[in-house]
1. Go through segment 139-156 residue by residue and tally those that are closer than 14 Å to ILE127 by Cβ and open to solvent by less than 40 Å² (accessible area, probe 1.4 Å).
2. Scan segment 53-65 for residues that are open to solvent by 20 Å² or more (accessible area, probe 1.4 Å) and farther than 21 Å from LEU132 by Cα and jot them down.
3. Among ASP110, ASP135, which is more than 18 Å from the chain's Cα centre (by Cα), modelled with pLDDT under 95 and at negative phi?
4. Applying the selection to segment 55-66, what residues are aliphatic (A, V, I, L, M) and not in a helix (DSSP H, G or I)?
5. Those residues that are closer than 16 Å to PHE34 by Cβ and open to solvent by less than 30 Å² (accessible area, probe 1.4 Å), I need them from segment 88-111; list them, please.
6. If we keep just the residues of segment 1-39 that are assigned to a loop (DSSP other than H, G, I, E, B) and more than 22 Å from GLU84 (Cβ to Cβ), which is most open to solvent (accessible area, probe 1.4 Å)?
7. Which condition from (1) surrounded by 17 or more Cβ atoms within 10 Å (Cβ to Cβ); (2) touching a helix residue (DSSP H, G or I) at 6+ places or on another chain (Cβ under 7 Å) is the one that PRO44 breaks?
Amino acid sequence: MRLSKPRIAPLSESDWDQAQRDLMQPFVAGGRVFNVFGTLIHHPDLLRRWLVFANHVLGKSTIKVREREVLILRTAKLVNSEYEWGQHVVIAREAGLEDREIRAIGSNGDGLGELEKLLCDAADELISDKMLSADIWGTLNELFDTRQVMDIVFTVGQYTMLAMALNTFGVQLNEGLPRFER
């Protein structure tokens, strides 16, 4: 973790007002309120609006879950967001990524399939150059339709933006989530 303690501590359920309770109800009903949501509930209007975009990227994207998780893990590693990494290692495993693939996504990409390597290269370029090169753009457009390429770009963008907040606010890993391998 970049910070050893939160700058903005997650609000406990006992401190929520009724509007916060209403907004957090789906997370409570799910059985676990992750620290990201406990932190963002300090600003309910922001959380409410961000959830619309985040829910598209996480649940309504036109790319496959496995492809999305490759992008998210690579982004998390590149922007040094251990919180994102820990959350999405679990999801990536559920999506069928093996631990050796997850390690490769978090390092140099050696041993990944061509598609996974392409997605890592796309995330690399988006993080470093804030755009895709003609080569990566062309290859993505051979394999994906326009909406899918847009979802690829917005997935990296969403998780880059979220990493800025998580890292700055000092959101700590929830118990039991994997850390970066050193």
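1. Count: 3.
2. PHE53, ASN55, HIS56, LEU58, GLY59, LYS60, VAL65
3. So the residue among ASP110, ASP135 that is more than 18 Å from the chain's Cα centre (by Cα), modelled with pLDDT under 95 and at negative phi is ASP110.
4. Hit for segment 55-66 is ILE63, nothing else.
5. HIS88, VAL89
6. This residue is ASP17.
7. (1)
Every residue, every condition in (1) over 28 Å from LYS5 (Cβ atoms); (2) touching a Leu at 6+ places or on another chain (Cβ under 9 Å), yes or no:
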{"site": "GLY59", "(1), (2)": "yes, no"}
{"site": "ARG68", "(1), (2)": "yes, yes"}
{"site": "LEU73", "(1), (2)": "no, yes"}
{"site": "LYS77", "(1), (2)": "no, no"}
{"site": "GLU82", "(1), (2)": "no, yes"}
{"site": "GLY96", "(1), (2)": "yes, no"}
{"site": "GLU101", "(1), (2)": "yes, yes"}
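The values are calculated or read from the model by the stated rules, or taken from the named source; none is laboratory data. The structure displayed is predicted, hence computed values, not measured ones. Cβ: placed from backbone, ideal geometry, glycine included. Neighbour counts: every protein chain shown. The area values use the complete protein model at the heavy-atom level, side chains included, leaving out ligands, DNA and RNA. Shrake-Rupley method; radii C 1.70, N 1.55, O 1.52, S 1.80 Å.
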